[in-house]
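S.K.: My questions all concern the structure below.
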Amino acid sequence: MQAFLHQVLSGFATGGIYASVALALVMIYQSTHHVNFAQGEMATFSTYIAWKMISIGFPYWAAFLLTLLFAFVLGVAIERIIVRPFYKAPVLSVIAVFIGLLLIINSLSGALFDYTIKPFPSPFPSDAWYGGPYLSPHEVGMIFVTFVVLALVFVFFRFTPLGLAMRAAAENPVSSRLCGVRVGWMLALGWGLAGLIGAVAGMMTAPVIYLDPYMMFSVLLYGFAGALLGGIDNPWGAVLGGFIVGVLQNIAGAYLVGTELMVTVALVIIIGILVIKPSGLFGRPIVTRV
Amino acid sequence: MRSRSILLTAVAVLALAGSAVAADTPGVTATEIKIGNTMPYSGPASAYGVIGKGETAFWKMVNDQGGVDGHKIDFISVDDGYNPAKAVEQARKLVEEEGVAFLFNPLGTPSNTAIEKYMNAKKVPQLFVATGADKWGDYQHFPWTMGWQPSYRTEAQIYAKYILKEKPNAKIAVLYQNDDFGKDYIAGLKDVLGDKYAKMVVKEASYEVTDPTVDSQIVTLQASGADTLVTAATPKFAAQAIRKVYDIGWKPLHLLTNVSLSVAAVMVPAGPEKGVGVITSNYGKDATDPAWANDPGMNEWRAFMKKYLPDADMKDNNYVYAYGVSLTMLQVLKQCKGDFSRANIMKQAANLKDFEVPTALPGIKINTSPTNYHPIRQMQLQRWDGKTWVRFGDVITGGES
Amino acid sequence: MATLETSRPAASAAAPLFAGLSLRVWQIIGLAAVLAAACVLPFVISSYQLLLATQVIVYAVALLGLNILTGYNGQFSLGHGAFYAIGAYTTAILLDKTGIPYWATIPMAGVLCFIVGFLFGLPALRLEGHYLALATFALAIATPQLLKYKDFDFLTGGVQGIVISAPDAPDGLPLRADQWLYFFCLLWTIPLFIVAWNLLRGRTGRALVAIRDHPLAAATMGIDTARYKSMTFGVSAMYTGIAGALGALLAQFVSPDSFDFFLSVRFLVGVVVGGLASMTGAFFGAIFIEFVPNIADLLSKAAPQAIYGVVLIGCMYLMPTGVMGLVRALGHRLGRWVAR
């Protein structure tokens, strides 16, 4: 029983990593209706920038804030320079561009910062009262940060005019433009904010799984699964989905089939749920206008 | 460059008109030896690409120092993306189009398996392959293929013997990567434990390279009640494992693969105090272990790095590996004494006698013979004391499995 | 995801004439020339170049399979590497464990992949767009795991994979083994393309495209969308599986590492670069995924993947609808210019 609890909590910690990336995916989906496969690599690259700043002597929080700024600018720049020309291109062409971006950024991370793993500092003291043998203080802090970001994203889309404008721009660009929304900049802003959330996720993830060029690759895939499971149009659902994926993997590995097939079984369960509920556990049902 | 070497060849052929040159020595001219190599510069294993960079720099150094017996080395290293189908294609390109004399240190168990048959059918040496699998050294079936480093399986056998000696009633847990690398450790443990394997090994847990962490696996292994842990994991996961074992208050006898003994890339990220007591075995020196800070052998390597790869990551042990394996190759070429036919290169590769590499641990000697295609078979156990690896016991020679 | 636009020029009522011959006649002449060239090829290029050419043909078949699903039917797949793997392993296991001749293993691989694809297509009916991407992605991740699972070791050879031999030319044919393998692959490729062409230009093809462009309208018009979609999945998997079987003969080796997730990504890239809903595009896509990594390797050892990515984005920038999209657009323009 104790071991079971330990597995669940450990899964909760991994799920927190997935959830934070899922939030970045929700952000970009809400504002552009695309799933950006390069999101994870952008987060890794931003984390390297933070690592570089810390290693040359910046205080943690200064490096943290500057990295957020960097990630935002990087997101906006990628949208304006690389993705914009594909605004009217077929969806699959856009996805091919995302794959290209993924390869470029991953390769650059390796070429610029080498492949050996790097420890990344945690902002949470290692002997804090909220830590324990099951969840380290950093893991507790990371889950807390995820919920803070979630609350911000929720408030942003639900209550601010800018958030509304961004959703509108993604939902119906033509009508939005007629209403005076600057659709082009809304897309760029969406990329910037998604990059920023990704950078937070990267800097929270790196102390747990160590920084290397592949750090966010698999995290993104499971974050993607979590986001879809919970509902990609719903930040709460996406975060919950991330946690479910993390816990599910651990349970599958420890109790169902053993570790050699744990990823397979976890994915099969997720697909099974989606077949029964095709728009995710907490997503809005898809309504098609005829 | 290419046209000039053709011109030189033409001149050389004219000069030596009548004498037998290049008839049975493909890839070799009077002034040049062509060596081929495949590396995963792209794809999931691109972290190993630095080995190819280190080797390219090494042969440049050799050329700067005058080459081998008046021959410059033309080292052609190409990308196979860690994809066996691509490796076949690239090996054939190197042998048939580039006309290399032999392949040196192609990387990856799947890639080498894919090209092994072709290389032997063509009778082209496939020397010192960069993989820790146990099968490289099958001189009867594949006389043109030779490994270099001790196999993972041999290493696991050493750990199993150590456990039997120190803790005969151990309850063993194994953490392994779910591929040929990880499964060789299971095989090695089984070789030694035999019938006792089922009783002594109370739990095995695998991870995939795409898993973010191995925390769940460590929790599972601890819950099994094991008091000994064998970890066959690459650096990132090894560091996670050492940290998690410590954090949950588990204190097993921890044996760690030598793939992950880097001080800077494993022990320090894990937390130097968290790994105290971890045992590994090795044949080479770690680039970042303070024990070798003033070692003449490692200083030789550092001087090479400083001059030829000034921007490289000095913490990356793959560069040390590249230097050591290249020195072995250089020794073989020197032993050839100007006869660079494929047959003689292979003959000399199987004729290394007590050759010592400055980046190997003291006492580790490289020996080969026509019936021994395992150049390095020796290792020594070492224990982490919180700052450095401390060697203990004798140099152990791995037996035939 | 329902808007996989492909600009197909409307078949003009009065086909324009070029030098007195209709477009159709020119197409047939062109095809005959390409076929003749393909038959002469193995006797004029080196053994290594022939290996590349054979690999391109094999990839083209795999891409055609994916294109039937994605380009014509609008179903997204991030997991076709899995069908390629199943095809390759079927051939490898049959050659390794049984006395079945190599040529007979190819159709068996195709049938097995058809069944797996069809069964996978049934639950996938309920999934669209990103959800289908996730489901197929799961397939791509799960397949290597299953191939190296310890209980299947006796069949699959586990993590070590299976080494097989390439077939020799049949007695009496004066061909080297690699030349024969090229012709063997070509002998499979041509009928597969002809069958696909017949299938896609007729009633079935129109139904698939209708489902892609407007599933509701297609259903209203009496098209059994569920049956078509799952059948398409099966046929698509069959093509890619046959390619995998041929690819195994070519590489003479299969292992779980040969079929990682990136293989599926490469196939998707190939289909998009070649041009969606185009059969000729499969060859351009195959050329892209076969040769661009080699070019990137020549340019940079430090970051070959970055070069690959730049080339990919550059291609999409110049040809947002792929090579065949560009060819169609140019052809359309040429047609108007001639008609004027």
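The values are calculated or read from the model by the stated rules, or taken from the named source; none is laboratory data. Predicted, not measured: the structure shown is a model, and the values here were computed from it. So basically every Cβ, Gly included, is an ideal-geometry build from the backbone, and we count neighbours across all protein chains shown.
S.K.: From the set of residues in segment B:234-249 that are facing another protein chain (nearest Cβ under 10 Å) and touching a strand residue (DSSP E or B) at 6+ places or on another chain (Cβ under 8 Å), which is farthest from B:A287 (Cα to Cα)? Full working, then the answer.
M.R.: Here is the first cut: in segment B:234-249, the residues facing another protein chain (nearest Cβ under 10 Å) are B:234-240, B:243-244, B:247-249.
From what is left, the residues that are touching a strand residue (DSSP E or B) at 6+ places or on another chain (Cβ under 8 Å) are B:234, B:237-238.
Numbers: B:T234: 17, B:F237: 20, B:A238: 18 Å.
The qualifying residue farthest from B:A287 (Cα to Cα) is B:F237.
S.K.: Right, another one. C:R336: within 14 Å of chain A (Cβ to nearest Cβ) and either buried (at least 23 other Cβ atoms within 10 Å of the Cβ) or not acidic (D, E) (or both), yes or no?
M.R.: Working: within 14 Å of chain A (Cβ to nearest Cβ): no; either buried (at least 23 other Cβ atoms within 10 Å of the Cβ) or not acidic (D, E) (or both): yes.
No; evaluated as a whole, the condition is false for this residue.
S.K.: For residues that are in contact with a Lys or Arg (Cβ under 8 Å, 6 or more places away or on another chain), under 17 Å from A:G100 (Cβ atoms) and at pLDDT below 90, tally how many sit in segment C:289-319.
M.R.: Counting residues in segment C:289-319 that are in contact with a Lys or Arg (Cβ under 8 Å, 6 or more places away or on another chain), under 17 Å from A:G100 (Cβ atoms) and at pLDDT below 90 gives 0.
S.K.: Something else now. Within segment B:54-99, which residues are more than 10 Å from chain C (Cβ to nearest Cβ) and among the acidic types (D, E)?
M.R.: Result: B:E55, B:D64, B:D69, B:D74.
S.K.: Something else: For segment C:93-115, does any single residue satisfy the condition of being within 12 Å of another protein chain (Cβ to nearest Cβ) and either under 16 Å from C:A237 (Cα atoms) or touching a residue at least 12 places away in the same chain (Cβ under 8 Å) (or both)?
M.R.: Restricting attention to segment C:93-115, the residues satisfying the condition of being within 12 Å of another protein chain (Cβ to nearest Cβ) are none.
No.
S.K.: Does C:Y59 qualify as being in a helix (DSSP H, G or I), of a type in the set (F, W, Y) and within 13 Å of C:I287 (Cα to Cα)?
M.R.: yes
S.K.: Given (1) crowded, with 24+ Cβ neighbours inside 10 Å; (2) assigned to a strand (DSSP E or B), where does B:A91 come up short, assuming only one miss?
M.R.: B:A91 satisfies every listed condition except (2).
S.K.: Right, another one. Criterion first (among the small types (G, A, S), surrounded by 16 or more Cβ atoms within 10 Å (Cβ to Cβ) and more than 15 Å from C:F114 (Cβ to Cβ)) does C:A219 satisfy it?
M.R.: No: the conditions fail for C:A219.
S.K.: Moving on. In segment A:270-285, what count of residues is obtained for those that are more than 10 Å from chain C (Cβ to nearest Cβ) and of a type in the set (A, V, I, L, M)?
M.R.: 2
S.K.: Give segment B:205-224 a look and list any residue that's assigned to a helix (DSSP H, G or I) and facing chain A (nearest Cβ under 7 Å), or say none. Lay out the reasoning, then the answer.
M.R.: Going through segment B:205-224, the residues assigned to a helix (DSSP H, G or I) turn out to be B:215-223.
B:D215, B:S216, B:Q217, B:V219, B:T220, B:A223, listed by residue number.
S.K.: Please state which of the following conditions B:Y48 fails to meet, knowing it meets all the rest: (1) more than 14 Å from chain A (Cβ to nearest Cβ); (2) surrounded by fewer than 24 Cβ atoms within 10 Å (Cβ to Cβ).
M.R.: Every listed condition holds for B:Y48 apart from (1).
S.K.: What are the residues in segment A:94-106 that are more than 8 Å from chain C (Cβ to nearest Cβ) and more than 17 Å from the chain's Cα centre (by Cα), if any?
M.R.: A:V94
S.K.: Another question about this same structure. Only one of B:A312, B:A322 is of a type in the set (G, A, S), within 20 Å of the chain's Cα centre (by Cα) and outside any helix (DSSP H, G or I). Can you tell me which?
M.R.: Values: B:A322 fails: outside any helix (DSSP H, G or I).
It is B:A312.
S.K.: Residues of segment A:59-79 being of a type outside the set (V, I, T) and buried (at least 16 other Cβ atoms within 10 Å of the Cβ), which ones?
M.R.: Hits for segment A:59-79 are A:A63, A:F64, A:L68, A:F70, A:A71, A:F72, A:L74, A:G75, A:E79.
S.K.: With the checklist (1) surrounded by 24 or more Cβ atoms within 10 Å (Cβ to Cβ); (2) within 20 Å of C:S255 (Cα to Cα) in hand, flag the one item B:F181 doesn't pass.
M.R.: Just one mismatch for B:F181, condition (1).
S.K.: Pairs under 8 Å by beta carbon, first residue within 11 Å of chain B (Cβ to nearest Cβ) in segment C:36-65, partner outside any helix (DSSP H, G or I), six or more apart or different chains?
M.R.: Partner pairs satisfying both residue conditions: C:S47/C:R176.
S.K.: Of the residues C:I93, C:I115, C:I100, which single one is in contact with a strand residue (DSSP E or B) (Cβ under 8 Å, 6 or more places away or on another chain) and surrounded by fewer than 24 Cβ atoms within 10 Å (Cβ to Cβ)?
M.R.: C:I93
S.K.: For segment B:188-198, does any single residue satisfy the condition of being within 12 Å of chain A (Cβ to nearest Cβ), more than 19 Å from the chain's Cα centre (by Cα) and touching a residue at least 60 places away in the same chain (Cβ under 8 Å)?
M.R.: We begin by selecting, within segment B:188-198, every residue within 12 Å of chain A (Cβ to nearest Cβ); these are none.
Within segment B:188-198, none of the residues are within 12 Å of chain A (Cβ to nearest Cβ), more than 19 Å from the chain's Cα centre (by Cα) and touching a residue at least 60 places away in the same chain (Cβ under 8 Å).
S.K.: In segment C:58-68, is there at least one residue being at pLDDT 90 or above and more than 30 Å from C:A329 (Cα to Cα)?
M.R.: At the first step, the residues of segment C:58-68 found to be at pLDDT 90 or above are C:58-68.
Among the residues that remain, those that are also more than 30 Å from C:A329 (Cα to Cα) are: none.
For segment C:58-68, residues at pLDDT 90 or above and more than 30 Å from C:A329 (Cα to Cα): absent.
S.K.: Going through segment A:210-219 one residue at a time, which ones are in a helix (DSSP H, G or I) and either touching a Pro at 6+ places or on another chain (Cβ under 7 Å) or more than 10 Å from chain B (Cβ to nearest Cβ) (or both)?
M.R.: Result: A:S218, A:V219.
S.K.: Still on this structure: On the given criteria, is A:L281 assigned to a helix (DSSP H, G or I), in contact with a Leu (Cβ under 8 Å, 6 or more places away or on another chain) and over 30 Å from A:K52 (Cα atoms)? Let's see the steps before the verdict.
M.R.: Values: assigned to a helix (DSSP H, G or I): no; in contact with a Leu (Cβ under 8 Å, 6 or more places away or on another chain): yes; over 30 Å from A:K52 (Cα atoms): yes.
Judged against the criteria, A:L281 is not a match.
S.K.: Testing C:M279 on (1) more than 21 Å from B:P40 (Cβ to Cβ); (2) part of a helix (DSSP H, G or I); (3) not small (G, A, S), one condition comes back false. Which one is that?
M.R.: Unmet condition: (2).
S.K.: Let me ask something else. I'd like to verify a number: residues in segment B:285-301 that are touching a residue at least 12 places away in the same chain (Cβ under 8 Å) and either in contact with an Asp or Glu (Cβ under 9 Å, 6 or more places away or on another chain) or buried (at least 16 other Cβ atoms within 10 Å of the Cβ) (or both), how many? Don't jump to the end; show me each part of the working.
M.R.: Let us first name the residues in segment B:285-301 that are touching a residue at least 12 places away in the same chain (Cβ under 8 Å), namely B:285-291, B:296-298, B:300-301.
From the residues that got through so far, the ones that are either in contact with an Asp or Glu (Cβ under 9 Å, 6 or more places away or on another chain) or buried (at least 16 other Cβ atoms within 10 Å of the Cβ) (or both) too are B:285-289, B:291, B:297-298, B:301.
The total comes to 9.
S.K.: Please specify each residue of segment A:81-93 satisfying the condition of being more than 7 Å from every other protein chain (Cβ to nearest Cβ), surrounded by fewer than 19 Cβ atoms within 10 Å (Cβ to Cβ) and part of a helix (DSSP H, G or I). Steps first, answer last, please.
M.R.: Step one: filter segment A:81-93 for residues more than 7 Å from every other protein chain (Cβ to nearest Cβ), giving A:81, A:83-84, A:87-88.
So of that shortlist, the ones also surrounded by fewer than 19 Cβ atoms within 10 Å (Cβ to Cβ) come out as A:81, A:84, A:87-88.
Selection gives A:I81, A:R84.
S.K.: So the check is Cβ under 8 Å with 6+ separation or different chains; which pairs have a first residue in segment B:22-51 that's of a type in the set (D, E, K, R) and a second one that's in a loop (DSSP other than H, G, I, E, B)?
M.R.: Qualifying pairs under 8 Å: B:D24/B:S341; B:K34/B:G27; B:K34/B:G99; B:K34/B:V100; B:K34/B:A101.
S.K.: Since C:W180 meets every condition but one in (1) within 13 Å of chain A (Cβ to nearest Cβ); (2) crowded, with 17+ Cβ neighbours inside 10 Å; (3) farther than 30 Å from A:I232 by Cα, which condition does it not meet?
M.R.: Single failed check for C:W180: (1).
S.K.: A further question follows. What number goes with the only condition from (1) in a helix (DSSP H, G or I); (2) more than 8 Å from every other protein chain (Cβ to nearest Cβ); (3) out of contact with any Leu (no Cβ under 8 Å at 6 or more places or on another chain); (4) hydroxyl-bearing (S, T, Y) that C:S264 does not pass?
M.R.: The failed condition is (3).
S.K.: When you go through B:M200, B:M146 one by one, which is the residue that is aliphatic (A, V, I, L, M) and under 27 Å from B:V325 (Cα atoms)?
M.R.: Result: B:M146 is the single residue among B:M200, B:M146 that is aliphatic (A, V, I, L, M) and under 27 Å from B:V325 (Cα atoms).
S.K.: Return the total of residues in segment A:225-268 being assigned to a loop (DSSP other than H, G, I, E, B), closer than 24 Å to C:E128 by Cα and either within 11 Å of chain C (Cβ to nearest Cβ) or touching a Ser or Thr at 6+ places or on another chain (Cβ under 9 Å) (or both).
M.R.: Residues meeting the conditions: 3.
S.K.: Could you list, in sequence order, the residues of segment C:312-330 that are within 8 Å of another protein chain (Cβ to nearest Cβ) and either touching a residue at least 12 places away in the same chain (Cβ under 8 Å) or not in a helix (DSSP H, G or I) (or both)?
M.R.: Residues satisfying the conditions are C:L312, C:M316, C:P320, C:T321, C:G322.
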